[in-house]
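Comments concern the structure below.
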Amino acid sequence: MLGRMTPITMGMEITHLGSGSRGNSTLLSSGGTRALVDCGFSLRQMESRLLLAGVEPQSIDAILVTHHHSDHSNSAKRASDKWEAVLHANLSTANKMGWQPISECRTFGHL
């Protein structure tokens, strides 16, 4: 017999900023920390989409790039530099983007 189920709130907010051949990006917010998963739109479009979602672009703490295709990575480095957000990518993506691991982005292994 199952007991009463109590929902567990993780406290994470997910905001879909857009998806398609012109760009992809999703905002994750939790406990005052904000991270973008992909940054595929132009920098101007990224800033506009964040502002429409009620988020100041400079409040982004991290950008995680899933892979090197431009619809996922287009403005990631420029946004990271401008907003002082930590850029994350796996080593293969960092190499394909021409980013210098450690100095320009943090790398991770297979998940």
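The values are calculated or read from the model by the stated rules, or taken from the named source; none is laboratory data. Quantities reported herein were computed from a predicted structural model and do not represent experimental measurements. Positions of Cβ are backbone-derived with ideal geometry, glycine not excepted, and every protein chain shown enters the neighbour counts.
Structure values in brief
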| quantity | calculated |
| --- | --- |
| Number of the condition not met by SER92 [criteria: (1) modelled with pLDDT under 95; (2) surrounded by 18 or more Cβ atoms within 10 Å (Cβ to Cβ)] | (2) |
| So SER30, is it in contact with a helix residue (DSSP H, G or I) (Cβ under 8 Å, 6 or more places away or on another chain), of a type in the set (S, T, N, Q) and at pLDDT below 95 | no |
| Complete set of residues in region 33-42 that are modelled with pLDDT of 95 or more, under 13 Å from the mean Cα position of the chain (by Cα) and at negative phi | ARG34, ALA35, LEU36, VAL37, CYS39, GLY40, PHE41 |
| Number of positions in region 22-59 that are more than 21 Å from THR93 (Cα to Cα) and buried (at least 17 other Cβ atoms within 10 Å of the Cβ) | 8 |
| Region 60-79, subset over 15 Å from LYS96 (Cβ atoms) and not aliphatic (A, V, I, L, M), residue surrounded by the fewest Cβ atoms within 10 Å (Cβ to Cβ) | ARG78 |
| Counted residues, region 43-65 - those being farther than 14 Å from ASP81 by Cα, touching a residue at least 12 places away in the same chain (Cβ under 8 Å) and of a type outside the set (A, V, I, L, M) | 2 |
